[in-house]
Amino acid sequence: MKSRYDVVVVGAGPAGSITAQTCAEGGMDVLLIEKRQEIGDPVRCAEGVGKDALIKHIQPDTRWIAAEVKGSRIIAPDGTRILMSGDAAMKDVGYTLERKVFDRVLAQRAAMAGAEVMVKTRATGLLRNNGRVAGIKAMYMGDVHEIKADIVIGADGVESKIGRWGGIDTTLKPHEIEACVQFLISNFDPGEYSEFYLGEKYSPGGYAWIFPKGGRSANVGIGVLGSKSGNIRAISLLSKFIETYIPQGRIVEIVVGGVPVTGPIKQTVTDGLMLVGDAARQSDPLTGGGITNAMDAGKMAGEVCIKAREKGDFSVRSLKEYEDKWRSTIGKEMSKSLQVKNLLLKLTDEQLNQLAHSLDGVDVSKMELGKLLTVLIKKNPRLLWGLRTLFK
Ligand SMILES: Cc1cc2nc3c(=O)[nH]c(=O)nc-3n(C[C@H](O)[C@H](O)[C@H](O)COP(=O)(O)OP(=O)(O)OC[C@H]3O[C@@H](n4cnc5c(N)ncnc54)[C@H](O)[C@@H]3O)c2cc1C
């Protein structure tokens with residue numbers, strides 16, 4: 001580890017590794033640090049991604065694809081099932097990843113592009129010069145190192161401290177975070193579809209999921225909205241869900257974690273600093289999916305870093321291009337999702353059942369989510385009035 005780099009990236013998740021790779025490919029001198037000793041482990045994810053969104057960044061590889069899924073099934077509180085499959089739906093659900101391998105492969109690609117990768121290295125603070133961010137303090141093997149950089153990238157996930165240290169408000173209020181718990185369940189055949197169970201019956205303000213993981217196993221989890229959880233513990237809900245639907249299942253792994261569901265936050269750059277991925281709260285507020293948004297944002301951040309170096313300007317004005325780019329792309333989708341989520345949160349289980357029944361006789365099998373919502377709005381204008389301008 002040197003004492004100076006062009007760019008220091010904190011966190012080797014998908015956001016950090018793609019940023020590091022992009023910067024290194026652009027000729028920048030890059031350090032990527034990760035506090036854990038093994039990149040990608042422990043996993044804090046259900047590992048579901050859309051095919052199209054993923055292959056923009058990396059070609060599918062059997063080393064890190066645990067299962068290919070044919071589509072998704074949405075289950076209303078009364079058990080009514082809506083099946084979405086075929087090419088269109090594959091945009092929404094395509095693979096269950098093996099993130100322990102996937103994250104490592106992304107970091108290796110950054111390394112092969114020229115980035116230096118340091119594991120077991122934790123950022124503990126920021127360096128400043130004339131008020132602007134000018135590097136980090138990092139703990140490695142018990143020693144604190146000062147590492148200077150033109151720019152620091154905070155890709156340190158949902159618990160991000162980099163933003164806060166840099167003066168950016170990334171606070172998550174209880175209604176802006178889903179508390180999730182997930183078991184990797186073996187000894188049952190989940191089929192070839194990802195399943196989403198909606199309604200208070202399963203989870204207040206969230207949903208339960210079953211994502212096939214291959215080899216007679218699946219990621220089975222539940223997310224509960226912080227503001228709606230009260231005394232309810234996500235793990236109790238999940239245990240009940242499994243007793244009811246997968247009594248023969250055997251738990252072989254437990255995952256706990258939070259998912260930011262804020263929608264686009266106000267600020268993600270400051271002088272000498274950018275936030276990407278979960279650190280920038282860029283996950284989808286409706287589904288909680290954040291892997292491919294993190295990768296998209298990482299790519300945009302890397303490209304803007306390269307331009308900033310060409311200009312010799314890492315000020316907030318120069319870095320704002322990143323913020324404009326992500327807001328006009330993934331940010332737009334996040335805003336739509338937030339509106340859908342906020343409306344769904346107001347619906348009772350009865351009303352969710354009503355929505356599901358309104359699709360009786362409609363062939364939704366080849367529809368993607370946007371089209372499905374358009375049909376639902378047409379059939380249920382009173383319930384979904386607030387969404388009428390979103391999906392036309
Ligand atoms: C239970 C659960 C299920 C989910 N399911 C899905 C899903 O099915 N599909 C989907 O798309 N998304 C899902 N997500 C969200 C997804 O996991 C995240 O959006 C995604 O990992 C974000 O990537 P990232 O690179 O921004 O952050 P992360 O993947 O969280 O990476 C951040 C990295 O920074 C490191 N780090 C943190 N602090 C420091 C520090 N001070 N110094 C050095 N390193 C540091 C961490 O160790 C970590 O490796 C799920 C999340 C949870 C919790």
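The values are calculated or read from the model by the stated rules, or taken from the named source; none is laboratory data. Keep in mind that this is a model prediction, so the values were computed, not measured. Cβ coordinates were reconstructed from backbone atoms using ideal geometry, including for glycine residues, and neighbour counts include every protein chain displayed.
Data overview
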item: Count of residues meeting criterion [over 23 Å from Asp6 (Cβ atoms), of a type in the set (A, V, I, L, M, F, W, C) and part of a loop (DSSP other than H, G, I, E, B)] in region 159-179; result: 1
item: Condition check for Thr62: more than 19 Å from Asp278 (Cα to Cα) and without any contact (Cβ under 8 Å) to a residue 24 or more places away in the chain; result: yes
item: Filter result (more than 10 Å from the ligand (Cβ to nearest atom), in a loop (DSSP other than H, G, I, E, B) and at pLDDT below 95) within region 81-108; result: Met90, Lys91, Asp92, Gly94
item: Test: residue in region 293-314 that is within 15 Å of the ligand (Cβ to nearest atom) and closer than 30 Å to Leu383 by Cα; result: yes
item: Residue within region 43-59 that is under 30 Å from Val144 (Cα atoms), within 11 Å of the ligand (Cβ to nearest atom) and touching a residue at least 60 places away in the same chain (Cβ under 8 Å) present; result: yes
item: Subset of region 176-218 [in contact (Cβ under 8 Å) with a residue 24 or more places away in the chain and among the aromatic types (Phe, Trp, Tyr)]; result: Phe183, Phe188, Tyr193, Phe196, Tyr197, Tyr202, Trp209, Phe211
item: Flag for Gln21 being in a loop (DSSP other than H, G, I, E, B), more than 10 Å from the ligand (Cβ to nearest atom) and among the polar types (S, T, N, Q); result: no
item: Any hit, region 329-337, residues being more than 30 Å from Leu83 (Cα to Cα), assigned to a helix (DSSP H, G or I), within 16 Å of the ligand (Cβ to nearest atom) and hydroxyl-bearing (Ser, Thr, Tyr); result: no
item: Criterion (out of contact with any Cys (no Cβ under 6 Å at 6 or more places or on another chain), crowded, with 18+ Cβ neighbours inside 10 Å and in a loop (DSSP other than H, G, I, E, B)) met by exactly one of Asp156, Asp78; result: Asp156
item: Residues of region 128-156 satisfying the condition of being of a type in the set (D, E, K, R) and under 18 Å from Arg309 (Cα atoms); result: Arg132, Lys148, Asp150
item: Count of region 13-59 residues which are touching a Leu at 6+ places or on another chain (Cβ under 9 Å) and exposed (fewer than 15 other Cβ atoms within 10 Å of the Cβ); result: 0
item: Qualifying residue in region 132-150 (condition: in the same structural domain as Gly11 (by TED's automatic domain parsing), assigned to a loop (DSSP other than H, G, I, E, B) and near the ligand (Cβ under 9 Å from one of its atoms)); result: no
item: Verdict on Lys378 being modelled with pLDDT under 95, assigned to a helix (DSSP H, G or I) and over 30 Å from Ile153 (Cα atoms); result: yes
item: Residue in region 260-282 that is within 21 Å of Ala66 (Cβ to Cβ) and away from the ligand (no atom under 15 Å from the Cβ) present; result: no
item: Scan of region 346-385 for residues that are within 20 Å of the chain's Cα centre (by Cα) and closer than 18 Å to Gly206 by Cα, ordered by number; result: Leu369
